[in-house]
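Here is the structure we will look at, set down as structure tokens.
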Amino acid sequence: MGGIPFRKNWLLYAVGFLYFAVSNLSRMFELAGVPREAMYVLFLAFLAFYFAKNLRSIGWLDLAYYAVVAPLTLRGLLNYATYIQSRASVLSVLILYLPAYLFFRLFARHEDILSKCVTAAGWYAALYLLPYYVFFVRGQLSYSMQYAYWVSFPVCMLVYRFFETKRWGGLVLAAVLYATLVLSGCRGALLLTTLFCLFASLDAARRYHWRWTSGRMLCLLGGIAVLVVLAASLDSILAFLEKFSGVSRNIRKLFEGNYLESSARTSIYQVCQELISARPGGYGPLASRRLLLGFNYPHSLWYELQLDYGPLCGILLFCGLVVISVCNVLAYRNTKLSFMVSYLAIVGLGSMMFSSSYYYEMHVPAMCGLFVLRQTDARRLRPRGAAVPIAGPPPAATGRNLTHAR
């Protein structure tokens with residue numbers, strides 16, 4: 001495994017894989033009658049053991065982060081946990097949101113292992129979610145926003161890996177999972193997944209210095225021809241898709257011609273604007289759960305930060321996160337962490353803009369941890385393809401070496 005043996009680093013592999021796969025694992029074992037909390041307790045035990053072994057690597061910036069974030073978050077939970085609609089969301093704050101900064105801050109130093117764990121978790125998600133879709137999602141009468149974001153991760157991973165391995169099996173599996181996303185997913189996950197796949201294509205062209213050979217030019221012309229045919233047959237295609245419009249929100253919205261419209265979001269945002277104007281100092285973390293009883297949370301990172309901390313601090317925090325995310329994508333683009341960082345920035349933070357809450361996900365603290373790591377431990381991160389230094393005897397002394405030694 002890239003010079004990093006499993007048996008000597010079993011804890012790293014176990015923690016890394018569980019971190020990205022624990023949600024799918026807990027759901028799978030729940031089907032067998034095992035409570036989800038059991039898997040979460042196991043995961044937290046591994047994570048706590050890993051943190052304990054790396055206490056010396058925790059710096060003052062890390063302590064300062066948790067000195068601010070942990071009290072605010074726990075106070076919010078104590079005050080408003082009863083207003084949170086699901087137990088899973090409460091657990092997400094403790095299992096995903098709070099540990100995320102320190103996990104990425106420490107674990108991303110092991111970029112080879114982390115890259116392998118992310119890939120393994122992506123494959124596991126793909127092989128688990130396909131039968132899960134067939135037996136539990138396909139027959140539903142409405143779309144599933146949760147499934148849409150669950151399946152987005154393996155689709156993005158498989159597409160990104162295709163450009164590295166050129167193995168068509170993974171790309172075919174990604175296409176099948178993408179089809180399930182179209183049929184049973186939500187618009188946000190579909191748009192962000194598509195955006196990531198386009199980004200991965202452009203990034204691969206940059207990394208591998210693609211040139212316009214005759215074969216690639218032929219593929220481009222063929223793709224353009226297919227698009228022209230599809231555009232010319234749009235009426236027939238929409239008539240065919242209408243057969244699925246009763247179960248697929250994506251297809252129904254496309255057929256109705258209002259794909260980008262959302263009356264529910266508009267209502268939520270209007271209420272958020274009124275609340276923000278009424279109290280410029282903010283209401284505190286997680287207070288929106290009580291304020292937005294009919295909507296649960298703002299469904300927008302932009303509004304949620306302003307509700308929590310007021311428009312001034314909220315907008316500054318929002319702009320800071322955007323800058324940090326762009327800096328991370330650029331800084332990690334030539335490392336083995338490029339997929340993970342790009343996914344967190346595009347799909348992860350993108351979903352915060354109109355779907356999830358930043359308290360229920362790892363994306364915001366993960367970006368902060370990766371940014372701090374890049375500033376403090378930049379020398380640990382090797383460019384993609386760089387040789388790993390191997391310990392060995394020093395080179396034989398030469399006259400030039402001796403001169404410099406003196």
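The values are calculated or read from the model by the stated rules, or taken from the named source; none is laboratory data. Everything numeric here is computed off the predicted structure, so don't read it as measured data. So basically every Cβ, Gly included, is an ideal-geometry build from the backbone, and we count neighbours across all protein chains shown.
Of 45, 21, 32, which residue is among the aliphatic types (A, V, I, L, M), at pLDDT below 90 and either crowded, with 17+ Cβ neighbours inside 10 Å or more than 20 Å from residue 373 (Cα to Cα) (or both)?
On the way: 45 fails: at pLDDT below 90; 21 fails: at pLDDT below 90.
Going through 45, 21, 32 in turn, the sole match is 32.
Are any of the residues in the stretch 54-70 closer than 19 Å to residue 17 by Cβ and at pLDDT 90 or above?
Taking the stretch 54-70 and keeping what is closer than 19 Å to residue 17 by Cβ, we get 54.
Add one more test, that the residue is at pLDDT 90 or above, and what stays is 54.
Within the stretch 54-70 (the criterion being closer than 19 Å to residue 17 by Cβ and at pLDDT 90 or above), the answer is yes, since at least one residue qualifies.
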If we scan the stretch 207-228, do we find a residue that is surrounded by 14 or more Cβ atoms within 10 Å (Cβ to Cβ) and modelled with pLDDT of 90 or more?
no
Residue hits (the stretch 304-334; out of contact with any helix residue (DSSP H, G or I) (no Cβ under 6 Å at 6 or more places or on another chain) and closer than 29 Å to residue 206 by Cβ) are 319, 320, 321, 322, 323, 326, 327, 330, 333, 334
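Give me the residue from the stretch 288-311 that is of a type in the set (A, V, I, L, M) and in contact with a Leu (Cβ under 7 Å, 6 or more places away or on another chain) and, out of that set, farthest from residue 70 (Cα to Cα). Don't jump to the end; show me each part of the working.
Just the residues of the stretch 288-311 that are of a type in the set (A, V, I, L, M), to begin with: 291-293, 301, 305, 307.
After this cut, where a residue has to be in contact with a Leu (Cβ under 7 Å, 6 or more places away or on another chain) as well, the list is 291, 305, 307.
Values: 291: 22, 305: 16, 307: 18 Å.
If we take residues in the stretch 288-311 being of a type in the set (A, V, I, L, M) and in contact with a Leu (Cβ under 7 Å, 6 or more places away or on another chain), then 291 is farthest from residue 70 (Cα to Cα).
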Can you tell me which residue in the stretch 283-309 is surrounded by the most Cβ atoms within 10 Å (Cβ to Cβ), limited to those that are hydroxyl-bearing (Ser, Thr, Tyr) and not in a helix (DSSP H, G or I)?
297
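Scan the stretch 360-373 and tell me whether some residue there is among the hydroxyl-bearing types (Ser, Thr, Tyr) and within 19 Å of residue 79 (Cβ to Cβ). Steps first, answer last, please.
Of the stretch 360-373, the ones among the hydroxyl-bearing types (Ser, Thr, Tyr) are 360.
From what is left, the residues that are within 19 Å of residue 79 (Cβ to Cβ) are 360.
Yes, the conditions are met somewhere in the stretch 360-373.
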Considering only residues that are surrounded by 22 or more Cβ atoms within 10 Å (Cβ to Cβ), among the small types (Gly, Ala, Ser) and out of contact with any Ser or Thr (no Cβ under 9 Å at 6 or more places or on another chain), which ones fall in the stretch 142-198?
174
From the list 202, 183, 192, which one is at pLDDT below 85 and either outside any loop (DSSP other than H, G, I, E, B) or within 24 Å of residue 16 (Cα to Cα) (or both)?
183
Is it the case that some residue within the stretch 126-134 is free of Cβ contacts under 8 Å to residues at least 60 places away in the same chain, surrounded by 17 or more Cβ atoms within 10 Å (Cβ to Cβ) and not in a helix (DSSP H, G or I)?
no
